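Participant: This is the structure I want to talk about, given as structure tokens.
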Amino acid sequence: MPRITRPDMAGYGVPTDDLEGALPREWAQERLTECRNYWLVTVSGAGRPHSMPVWGVWLPDREVFAFSCAPTARKVRNLAANDQVVVTNDDSVNCVSLEGRARPLEGEAKEAMARAYAAKYVDRDHDRDDMVGFILANTCYEVGPDRAFGIVETEEDFSRSATKWVWD
């Protein structure tokens, strides 16, 4: 369970010692669960950033984000050199930015992720089985969060809503 704090944004009017108006963890989980497209940022061993949209699933029972990609993708090469990532939802008003480390998924955890992924993105049962097979044939990762930020990017809500969650 993460602890809630405020991000270090006093220069933007965000209070440092008052949590009134801070966003609840459920606010972030709802946005991560319902989002269709996410942005994933990886970094190569040489420090070159790489940002690409991905499909994925937030698994609230484990508090991890999971995604798949081709075994030859730049993401895979980057993660082999540097497992630190940023995952964001695609909403620029109700923003969630998750920072953490990506770990390869294998076995039962990979299978559970593939089923959750197919249930999210595919409507018909037959096609879901095809999607599960496709996901299992690819490389899968889960991102365990170290910290996350939530912001409602409107003039009236920004400073009172800016929230930081930290997993110790």
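Derivation of every value follows stated rules applied to the coordinates shown; laboratory data play no part. Model, not experiment: these values are computed from the prediction. Reconstructed Cβ throughout: ideal geometry from the backbone, glycine too, with neighbour counts over all protein chains shown.
Participant: Which whole-percent values make up P(r) of the range 19-168 when all C-alpha to C-alpha distances are grouped in 10 Å steps starting at zero?
Facilitator: The calculated distribution, bin by bin, is 11, 39, 34, 13, 2.
Participant: Lys and Arg at +1, Asp and Glu at -1: add these up for the other residues within a Cβ distance under 14 Å of D83 and post the number.
Facilitator: Result for the neighbourhood of D83: +1.
Participant: ³J(HN,Hα) across the range 64-73 via Karplus (A = 6.51, B = -1.76, C = 1.60, θ = phi - 60°), whole Hz, x for Gly/Pro?
Facilitator: So the Karplus estimates, Gly and Pro as x, are 9, 9, 10, 8, 10, 7, 5, x, 9, 5 Hz.
Participant: Now for a different question. Within straight cross-link reach of K110, meaning Cα distance under 18 Å, which lysines are found once same-chain residues fewer than 8 apart are removed?
Facilitator: Within reach: K75, K120.
Participant: How many nm separate the modelled label positions at R48 and Y121, each set 7 Å beyond the Cα in the direction of the Cβ?
Facilitator: 2.6 nm
Participant: Within 15 Å, Cβ to Cβ, of W165, how many net charges do the neighbouring residues add up to if Lys/Arg are +1 and Asp/Glu are -1?
Facilitator: Around W165, the charge tally is -1.
Participant: While we're on this one: Could you tell me which GluC sites (Glu not before Pro) in the range 78-134 are loop residues by DSSP with no more than 10 other beta carbons within 10 angstrom of their beta carbon?
Facilitator: Here the GluC sites (Glu not before Pro) that fit, given the DSSP loop and packing criteria, are E106.
Participant: Another question, if that's okay. What value, in deg cm²/dmol to 500, does the helix sum -39500 (n - 2.57) over DSSP H runs of n ≥ 4 give at 222 nm once divided by the residues of the chain?
Facilitator: -8500 deg cm²/dmol
Participant: While we're here: If the chain between I4 and V166 were fully stretched, how many nm would it gain, using 0.36 nm times the residue separation less the Cα-Cα distance?
Facilitator: The I4-V166 span can extend by a further 57.7 nm.
Participant: How high is the relative contact order of the range 30-168, in percent, with contacts defined as C-alpha pairs under 8 Å that are six or more residues apart?
Facilitator: 25 percent
Participant: A further question follows. Could you pull out the trypsin sites (Lys or Arg not before Pro) across the range 1-62 that fall in loop regions by DSSP (anything but H, G, I, E, B) with no more than 12 other Cβ atoms inside 10 Å?
Facilitator: R36
Participant: OK, next. Classify the range 125-168: rounded, prolate or oblate, from the alpha-carbon gyration tensor (a ≥ b ≥ c, eigenvalue square roots; a/c under 1.5 rounded; otherwise prolate if a/b is larger than b/c)?
Facilitator: Cα axes put the range 125-168 in the oblate bin.
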